[in-house]
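The values are calculated or read from the model by the stated rules, or taken from the named source; none is laboratory data. Just so we're clear, the structure is a prediction, and the values are computed from it rather than from any experiment. Note that each Cβ is placed from the backbone with ideal geometry, even for glycine, and that neighbours are counted across all protein chains shown. All accessible areas refer to the heavy atoms of the entire protein, side chains included, with ligands and DNA or RNA removed. Shrake-Rupley method; radii C 1.70, N 1.55, O 1.52, S 1.80 Å.
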Amino acid sequence: MNPTLPTLIPYQDHYPYVPVMVKRPLATFDPIAVAKIVHQMGNGFALTIDRHQRYSYFSFKPQRSLTGRQLAKHKRPANETLQAILNQYRTPRIQGLPPFTGGLIGYFGYEYVQQFVPKLHLKSPATADLDDLGLFLVTSVLVYDHRHHELGLTQLIPTADLAATYAVTQTALTQRLAAIIEQLQQPLHMQADQATYARQVDRIRQHIYAGDIFQMIYANPCLGTMSGSLLAVYQQLQKTAAPYTCYFKQANFEMTVASPETLVTKDGEQVATYPLAGTRRRGRTPAEDRQLAHELQTSPKEIAEHNMLVDLDVTI
């Protein structure tokens with residue numbers, strides 16, 4: 001973690017907070033992917049500054065959210081309130097760290113000039129009822145250095161009991177940064193690892209040998225997170241050859257599905273089943289048709305599966 005503890009000790013008598021950062025190499029970086037995480041977590045910001053050096057800054061959970069209307073309710077002027085916050089979280093500028101490691105970030109509207117010049121009275125109201133200011137107080141910032149291709153996570157730590165806080169923060173930041181990078185690099189992951197999945201397959205095979213079951217469809221789902229709607233996925237499913245596609249939304253639950261087969265269908269007094277299991281494609285020639293049919297009729301696996309499907313359909 002940078003800076004080192006000996007580097008920070010001289011600052012503890014002059015500043016209430018000091019910034020620290022852990023970082024890791026990251027060759028490819030998608031600011032939009034991180035901005036989506038910001039959006040999912042509520043309040044936050046994404047900012048890219050491309051001047052002498054290029055940095056992208058992100059924050060997920062601001063310490064405080066401030067607006068002009070909120071500050072107007074206080075007895076003292078908004079400028080004094082903001083200056084008090086800046087004094088409370090005052091930090092040194094340390095070489096080797098990004099220009100912004102924490103503090104106040106957001107926007108000031110043009111109307112905020114009245115805080116500096118009280119005699120100035122604007123004739124027209126703020127555009128679209130926009131607040132005079134909107135700021136976040138952030139004590140931790142995710143920052144990407146585009147020049148050196150490094151992703152870092154900063155934290156403002158109090159200088160009181162600096163040594164103990166430094167050690168705890170180093171462990172916490174390292175773990176958080178690793179989790180963020182994993183989320184960015186692996187949007188999908190398997191529910192069970194390979195060893196766990198293999199053990200469960202062996203257990204299923206024992207039940208088959210014992211005659212407890214014909215077969216089991218044991219899936220290992222891919223899990224991940226996303227933002228937005230599944231309508232875009234449903235749109236893509238329309239391009240497949242699946243005869244059944246579905247989009248379903250109820251309250252905050254959303255689902256989209258595609259299925260290639262009909263387990264059972266009823267039309268009046270007629271009931272039919274069209275499972276894919278235990279079937280073969282049609283042959284290109286009559287001879288190939290007969291060969292594929294012979295495989296279905298003589299394969300112990302296919303015979304067992306047919307028996308299972310008939311039993312299932314009769315039960316249904």
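Overview of values
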quantity: Which listed residue is of a type in the set (Val, Ile, Thr) and open to solvent by 90 Å² or more (accessible area, probe 1.4 Å), from Ile32, Ile37, Ile85; calculated: Ile32
quantity: Any hit, the stretch 43-52, residues being touching a Ser or Thr at 6+ places or on another chain (Cβ under 9 Å) and in a helix (DSSP H, G or I); calculated: no
quantity: Given (1) buried (at least 16 other Cβ atoms within 10 Å of the Cβ); (2) over 16 Å from Asn2 (Cβ atoms), number of the condition His149 does not satisfy; calculated: (1)
quantity: Selection from the stretch 300-316 of residues that are exposed (fewer than 14 other Cβ atoms within 10 Å of the Cβ) and either modelled with pLDDT of 85 or more or closer than 17 Å to Glu261 by Cα (or both); calculated: Pro300, Val310, Ile316
quantity: Cβ-Cβ under 9 Å pairs, at least 6 apart or on other chains, the stretch 288-300 side of a type in the set (A, V, I, L, M, F, W, C), far side surrounded by fewer than 11 Cβ atoms within 10 Å (Cβ to Cβ); calculated: Leu292/Arg281; Leu292/Arg282
quantity: The stretch 179-218, residues that are at pLDDT below 90 and among the small types (Gly, Ala, Ser); calculated: Ala179, Gly211
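Residue by residue, here is whether (1) in contact with a helix residue (DSSP H, G or I) (Cβ under 9 Å, 6 or more places away or on another chain); (2) of a type in the set (Ser, Thr, Tyr); (3) within 28 Å of Met308 (Cα to Cα) holds:
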site	(1), (2), (3)
Asp202	no, no, yes
Arg205	no, no, yes
Phe214	yes, no, yes
Ile217	no, no, yes
Gly228	yes, no, no
Gln236	no, no, no
Tyr247	yes, yes, no
